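What follows is one structure encoded as structure tokens, with my remarks underneath.
Laboratory data are not the source of any read-out in this text; all were calculated from the coordinates shown. None of the values given here were measured: they were computed from a predicted structure. In this analysis, Cβ positions are derived from the backbone assuming ideal geometry, glycine residues included, and neighbour counts consider all displayed protein chains.
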Amino acid sequence: MDLARFFIETAPFSALPPEEAIRLAALAQPRTVARGGRIYAEGDEAARTYLVVQGQIQITRSSSEGKPWTIEVLGPGEMFGCVGCVAKGTYPCAAAAGDEVTVAAFPLSIVAGYLEKFPAFSRALYWDMSRRLREAQKWRTLGAESVERRIAGVLLWLESKFGPTLPFTRQSIAEMASTTPESAIRALILFRRRGYIKTGWKKITLQKPAALREMVGDVMN
């Protein structure tokens with residue numbers, strides 16, 4: 001993987017002067033983590049910001065019972081650990097590899113400096129964070145819906161990131177929909193019987209996404 005080209009072509013770093021993106025690529029610390037491996041834990045000191053280069057990252061928070069719940073899934077080109085971009089503190093969530101993943105890590109001081117020095121970078125990062133905030137607000141709205149509509153919303157959201165074939169287990173789908181694995185399985189069986197999806201070993205393929213969108217309605221728009 002040519003990190004310099006990746007930074008040049010990936011927002012918000014594409015808003016940097018090319019020579020600065022090349023310098024950042026030289027300073028970044030690539031790291032490959034096996035499926036399930038931890039990048040950082042909830043409550044760890046926020047010392048670095050990360051960019052997904054390959055694979056997927058699952059962002060989780062612990063429930064009151066201590067059980068981790070997946071609240072966000074990130075693919076190539078998406079940043080995480082961004083709390084470190086603006087202030088020192090601790091990570092409010094945990095980050096782990098959803099499958100084998102390669103990330104690039106860089107100190108928070110570098111990104112903080114970019115925010116001061118390059119207005120175009122600041123705007124690009126602002127728009128990206130705004131997009132993710134809108135997605136989070138949609139999830140809050142979806143949480144009041146039935147299990148079937150929540151599962152449909154999760155599948156459509158994942159399709160927008162990873163395409164029609166989703167490399168996720170039913171357990172992961174259940175966590176993202178804030179429901180039990182048993183309820184998620186029942187919903188997925190219903191969708192499969194209707195021809196909306198096809199299930200396989202640790203993957204789900206959307207066959208009729210339009211039907212899922214009709215089920216969800218305006219909630220995810």
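Data overview
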{"item": "GNM top mover of ILE59, ILE71, ILE151 - the chain, alpha-carbon springs below 10 Å", "result": "ILE71"}
{"item": "Two-site label geometry, ALA136 and ALA41: point separation in nm, points 7 Å out along Cα→Cβ", "result": "2.3"}
{"item": "Cα-based equivalent ellipsoid of segment 5-69: semi-axis lengths in Å, sorted from largest, via gyration tensor", "result": "29, 12, 11"}
{"item": "Cubic angstrom per residue, convex hull over Cα atoms of the chain", "result": "124"}
{"item": "Distance (nanometres) between label positions extended 7 Å along Cα→Cβ at ASP99 and SER146", "result": "3.2"}
{"item": "Stretchable slack from LEU115 to GLU19, in nm (0.36 nm times residue separation minus alpha-carbon distance)", "result": "32.9 nm"}
{"item": "Hull shadow area, averaged, segment 141-214 [alpha-carbon convex hull, nm²]", "result": "4.3"}
{"item": "Pairwise FRET efficiency - THR90 versus LYS198, Cβ, R0 = 35 Å, nearest 0.05", "result": "0.25"}
{"item": "Mean separation of Cα contacts under 8 Å, 6 or more apart, over the residue count of the chain: relative contact order %", "result": "19"}
{"item": "THR49 long-range amide H proximity, modeled H, under 5 Å", "result": "PHE106, LEU108"}
{"item": "Long-range HN-HN contacts of GLY37 with modeled amide H, under 5 Å", "result": "ALA97"}
{"item": "Size of charge dipole - segment 152-200 - debye, nearest 20, with Cβ of Lys, Arg +1 and Asp, Glu -1, no other charges", "result": "240"}
